[in-house]
Amino acid sequence: MTDTRLIKVNGDEIEVPSDLTLLQACEMAGEEIPRFCYHERLSVAGNCRMCLIEVKGGPPKPVASCAQNVRDLRPGPDGAPPELFTNTPMVKKAREGVMEFLLINHPLDCPICDQGGECDLQDQAMAYGRDGSRYQENKRAVEEKHMGPLIKTIMTRCIQCTRCVRFATEVAGVDDLGLVNRGENAEITTYLEKAVASELTGNLIDVCPVGALTSRPYAFNARPWELTKTQTIDVMDAMGASIRVDARGRDVMRILPRLNEDVNEEWISDKTRFIWDGLKRQRLDRPFIRVDGKLKPARWEEALSLAAEKLKTTPAERVGALIGDLANAEAMKALKDLMAGLGVASIDCRQDGAPLGEQGERGAYLFNSGFAAVEDADAILLIGTNPRHEAPVLNARVRKAWLASMTLKIGLVGEAADLTYDYAHLGAGPGDLPKAFEMLDGAERPMVIVGMGALARPDGRAVLRAVGLLAASKHVVREGWNGFNILHDAAARVAGLDLGLTPGEGGRDFAGILNGAQDREIDVVFNLGADEFDATRLGGAFVIYQGHHGDAGAKAADIILPGAAYTEQNGIFANAEGRVQMAQRAHFPFGEAREDWAILRALSDRLGAPLPYDDLFALRQALIEDAPHFARIGEGPSGDAPLELATLGREGPLDAAPFTPRIANFYATNPIARASETMAECARAMSGADKMAAE
């Protein structure tokens, strides 16, 4: 139990934990303390001095409140509680002096600064600064630094708070930034003038309290007061990070993180933050029909009627349905009901081929511990995964746990990679699993994280079986702790498995549908946004593609039904934990594109068997009837659901081949990212950084 202490803040008594800083204690008492260098998730630097307060009975000068703890306070006479003051003349004068000092070399270019309107320095200069300057000497200037394609630098504005250095070193785990020289010559630099080699660099923009580091793609595009702000969730990976989409009209101008302690804290990956330019490039904004080998624009009535005719006149056993990685639960539910009405059993949401969802237990395909519980584990075994690429924010949380604990053991079975923390490389393939699991011996809270690199392979069921048996032998699931975790890399996967979008009796799985199309055994394929496969394998079938980008699936299509991207429709997603979350529409779809569920509802009308819901509310009611947990929005994993590890997977021969990562290029994992010029530039910059590191 945390020790507490009674203190007085501006005359009001309050009891606070003794390990808090004075800054945190004052804020618990409702007082606002200005700061630049202090950040709740970074180590204390104590070098901006803006958070000065007065401590009664302390030194006859202001105290930096971020750098002193409550436990260090001396009691007053006769044991009276220590007293803190945040609004005395001494404090006011001290803060004005600090602000004046910080502005000595600042260029004061607020009207043309991209940070204008949301700049901490600007706000605090107004609230705590003087109304004039006594500095007459020449201001210094600092050369700009190259930090890659995402960050624009104007280092003359820098106040050397070192937040960026501490974030890069402590959270991102890269040593590319540092503070060199002393005094007036001090400056933040990248040393070798190379891009910051991390998937989290965009967060440097958020932690910078001035306009020294700003977003290069967003620069001079908009002012914050021009934008409509929509709180929604991310679909670039299976974590479902909380984000805010800022749009002007039908253009998304930027994407920012929202605070969610259980999922992404306040960080997001660069792919999440900067793919917004891909949302308006290579878009499908009208229906198309293939005529004489070429796709020609068509009216909705023509496209839907032709699609309905093909589906009605084709035997159910010769029809297949594929579901992509970005589909929301409502669209998947509508497609499931549409195919069930036709008697189609060949339907699959597992684009990667991982054999999940076959046991019936939800815990068999979830990240059961929850992302936040990574910080509670005392041993973590990674199997066939590279979390730095598959879930960068989760990887940062593992690093956070590693930094905080001297005893945390981390092991990896699979391809060795720079994960930003030390780990034991315990092997490369299935044959190394028994030995690797020995690292969990004696752990009170063991955690196993299985990635798609281990499961999305022909012997995936046998690998899952072996992992389940070994995890059971080490009591990975025990009373009060469920340490068995599947790390998905697709936003739609868990909701698809929850809805049972796997082959019915006699039906074909994803690979079986592709093989059937090649062998002329499948005549019609309905493709709901699946693009991460070799679409030429569909050549023998008539393909109806519903999606929002002209990617691989659209190129192989005979009919294109233009759908909406995740920022253009309201939808429900379930992240890897099984946490159900709502994505909100930031703007309407482009051109003639429509929401995915509405397209499927209109198609069912043409088939003569309309789906039994006419609006999103009725569809969601049907969705909840199928899977009641979809009604529990935002609820995290309980971790106490029974899970029989020994029943996972299926007996079979294990391939000796090593586990290989599923993601070859972090910046091009879905159609939106591949359409983004910013992501393409990042991929080029990172490949150049890798070559430089190798040399």
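When DSSP beta bridges are limited to those with both residues in the chain, what percentage is antiparallel, rounded to the nearest 5?
Numbers: 44 of 81 bridges.
Of those bridges, close to 55 percent are antiparallel.
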Taking 0.36 nm per residue of separation and subtracting the Cα-Cα distance, what length does fully extending residue 133 through residue 650 add? 178.6 nm
To the nearest 10 degrees, how steeply does helix 89-102 sit against the main Cα axis of the chain, on a 0 to 90 scale? 60
Longer than 23 Å from Cα to Cα, which of 56/92; 271/400; 310/336; 194/400; 312/336; 194/271 are they? Say none if no pair is. 194/400
Amide H proximity to residue 254 below 5 Å, modelled H, separation 5+ or other chain, gives 246
Other-chain or far-sequence residues with amide H under 5 Å of residue 424's (modelled H): 410, 411, 412
Ordered by packing density, taken as the mean number of other Cβ atoms within 10 Å over each peptide's residues, highest first, how do 455-464, 543-552 rank? 543-552, 455-464
Residue by residue through segment 10-15, what is 3J(HN,Hα) from phi via Karplus (6.51 cos²θ - 1.76 cosθ + 1.60, θ = phi - 60°)? Round to whole Hz and write x for glycine and proline. 6, x, 9, 7, 8, 9
Distance between the C-alpha centers of segment 116-177 and segment 492-557? Whole Å please. 50
Go through (i) 88, 58, 54; (ii) 89, 62, 60; (iii) 176, 56, 55 and flag the label whose value is the computed Cα extents along the principal axes in Å for this structure. (i)
Once phi is turned into θ = phi - 60°, what whole-Hz ³J(HN,Hα) does the Karplus curve with 6.51, -1.76 and 1.60 give for every residue of segment 412-421, x standing for Gly and Pro? 9, 10, x, 6, 5, 8, 7, 9, 6, 8
Among 282, 490, 351, which residue has its Cα furthest toward the positive end of the charge dipole of the chain, with +1 on Lys/Arg Cβ and -1 on Asp/Glu Cβ? 282
Highest mean first, what order results for 561-574, 248-261, 106-119 on Cβ atoms within 10 Å? 561-574, 248-261, 106-119
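What is the calculated FRET efficiency for residue 261 to residue 665, with r their C-beta to C-beta distance and R₀ = 30 Å, to the nearest 0.05?
0.45
If you take every DSSP beta bridge fully contained in segment 394-538, what fraction is antiparallel? Give it as a percent rounded to 5.
Of all bridge pairs located within segment 394-538, approximately 20 percent are antiparallel.
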What does the accessible area of residue 305 come to, in Å² to the nearest 10, when a probe of 1.4 Å is used? 50
Karplus couplings for segment 207-223 from phi (6.51 cos²θ - 1.76 cosθ + 1.60, θ = phi - 60°), rounded to Hz, Gly and Pro as x? 7, 5, x, 10, x, 6, 10, 10, 6, 5, x, 8, 3, 6, 8, 7, 9
Centre separation in Å (Cα based) which lies between segment 601-636 and segment 39-56: 52
Full-stretch length increase - residue 407, residue 537 - with 0.36 nm per residue and alpha-carbon distance subtracted: 41.8 nm
What is the spin-label model distance, in nm, from residue 422 to residue 372 if the labels are put 7 Å beyond Cα along the C-beta direction? 3.0
How many angstrom lie between the C-alpha centres of segment 239-314 and segment 195-222? 25
Kindly express, to the nearest 10 degrees and within the range 0 to 90, the angle between helix 392-404's C-alpha long axis and the longest C-alpha principal axis of the chain. 40
Set of segment 327-353 residues, backbone N closer than 20 Å to the point 7 Å along the Cα-Cβ line of residue 582: 327-334
List every residue whose amide H lies under 5 Å from the amide H of residue 583, counting only residues 5 or more places away in sequence or on a different chain, with H placed 1.01 Å from N in the peptide plane. 571, 572, 573
Quick one: if you stick a label point 7 Å off each Cα along the C-beta vector at residue 340 and residue 225, how many nm between them? 5.2
Charge dipole magnitude, Cβ of K and R +1, D and E -1 - segment 307-462, Cα centre, debye nearest 20: 380
At R0 = 25 Å, how high is the FRET efficiency between residue 170 and residue 415 if r is their beta carbon distance? Nearest 0.05 is fine. 0.45
Could you give the length gained by full extension between residue 318 and residue 181, i.e. 0.36 nm per residue of separation minus their alpha carbon distance, to one decimal place? 42.2 nm
DSSP loop chymotrypsin sites (Phe, Trp or Tyr not before Pro) in segment 198-247 with at most 11 other Cβ atoms within 10 Å of their Cβ, which ones? 220
Of 244, 650, 632, which has the most accessible area and how do the rest follow, probe 1.4 Å? 650, 632, 244
If I model a spin label at residue 519 and residue 617 as a point 7 Å from the Cα along the Cα→Cβ vector, what separation in nanometres do I get? 4.9
How much of the accessible area of the chain, probe 1.4 Å, is carbon plus sulfur, in whole percent? 49
Taking a probe of 1.4 angstrom, what is the accessible area of residue 135 in Å², to the nearest 10? 70
Packing-wise, with mean Cβ within 10 Å as the measure, how do 480-491, 166-177, 325-336, 602-613 rank, highest first? 325-336, 480-491, 166-177, 602-613
Judged on accessible area alone, 1.4 Å probe, highest first, 296, 93 line up as 93, 296
Among 104, 115, 94, which residue has its Cα positioned farthest towards the positive end of the charge dipole of segment 65-119, with +1 placed on the Cβ of Lys and Arg, -1 on the Cβ of Asp and Glu, and the dipole taken about the Cα centre? 94
1/(1 + (r/R0)^6) with r = Cβ-Cβ of residue 280 and residue 74, R0 = 51 Å, i.e. FRET efficiency to nearest 0.05, evaluates to 0.25
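The values are calculated or read from the model by the stated rules, or taken from the named source; none is laboratory data. Keep in mind that this is a model prediction, so the values were computed, not measured. Neighbour counts run over all protein chains shown; Cβ positions are idealised from the backbone, glycine included. Side chains included, ligands, DNA and RNA excluded: accessible areas come from the protein's heavy atoms. Shrake-Rupley method; radii C 1.70, N 1.55, O 1.52, S 1.80 Å.
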